1. Just the Cα atoms of the protein assembly as shown: what Rg and Dmax do they give in Å?
2. Other chains near B:106-114: what is the mean number of their Cβ atoms within 10 Å of each residue's Cβ?
3. Ranked from highest to lowest mean number of other Cβ atoms within 10 Å per residue, what is the order of the peptides B:104-113, A:55-64?
4. Once the range B:5-52 is represented by equal point scatterers at the alpha-carbon sites, with solvent omitted, what log10 I(q)/I(0) does the Debye formula produce at q = 0.29, 0.31 Å⁻¹?
5. If neighbour count is taken as other Cβ atoms inside 10 Å, put B:9, A:47 in order from fewest to most.
6. Return P(r) of chain A (all Cα-Cα pairs; 5 Å bins starting at 0; whole %; ordered from short to long distances).
7. For peptide B:41-53, how many partner chain Cβ atoms fall within 10 Å of a residue's Cβ, on average?
8. For the range B:26-105, max minus min Cα coordinate along each principal axis, in Å, sorted largest first?
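What follows is calculated from the coordinates using simple rules that are stated; it is not laboratory data. Because the structure is predicted, anything quoted here is derived from the model rather than measured. Using ideal geometry, Cβ is built from the backbone for each residue, glycine included, and neighbour counts are taken over all protein chains shown.
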């Protein structure tokens with residue numbers, strides 16, 4: 001099993017550009033989530049999904065969209081990138097929802113100029 | 001709303017010293033508690049978790065944590081640290097809403113642990 005994979009590993013954007021961060025898992029996990037990691041602030045939940053077709057907002061959803069058309073994939077879309085979105089983004093998945101161990105991807109380091 | 005506090009932002013210890021990292025959460029109901037570790041350049045992995053039962057839980061690499069419900073705390077401990085324990089440590093809480101099938105996990109801000117060889 002590959003576990004949780006994320007692409008790209010690194011990305012540089014200009015302010016106002018849009019892009020999609022990809023996340024996929026091959027463990028048949030129902031629960032998937034996106035976090036951003038910033039120095040001194042730990043991990044903050046952006047969006048999460050409890051299954052295909054179901055998504056909900058986390059702590060910091062503004063400026064981000066998600067969709068969950070399949071169990072395997074959970075892409076995160078930045079609609080109009082801003083320098084405040086410079087961060088490291090982690091995708092995670094879990095069986096049995098949020099109350100079980102989260103398996104994390106390797107992260108995407110995004111810089112917005 | 002649930003929140004998690006890790007008051008130690010950066011801890012520096014010498015090898016063989018004992019470690020205790022604090023974690024407090026705010027939620028009055030049933031919780032599941034986790035400690036994750038992020039080694040330099042790597043992604044997060046689970047150290048240990050508490051769901052129910054014995055409030056003293058043991059994890060990998062000699063780590064343990066004690067759930068004290070009356071203090072809303074879940075502190076991480078290790079009797080003798082090694083240089084390889086240098087990493088960032090995150091406490092996380094999943095509150096279980098009584099009337100919702102969905103729940104989410106909230107992370108603390110992390111504690112950076114540096115071990116002097």
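1. Calculated on Cα positions, Rg and Dmax stand at 17.6, 51 Å.
2. Working: counts 7, 9, 3, 7, 6, 1, 2, 0, 0.
Mean partner shielding for this stretch: 4.
3. Values: B:104-113: 22.6, A:55-64: 15.8.
The most tightly packed comes first, giving B:104-113, A:55-64.
4. -1.25, -1.25
5. On the way: B:9 10, A:47 24.
Listed from fewest to most nearby Cβ atoms, that is B:9, A:47.
6. Reading the bins upward from 0: 2, 13, 24, 27, 19, 10, 4, 1.
7. On the way: counts 2, 3, 13, 10, 4, 5, 0, 0, 3, 0, 2, 0, 0.
Rounded to a whole number, the mean comes out at 3.
8. Result, largest extent first: 44, 26, 18 Å.
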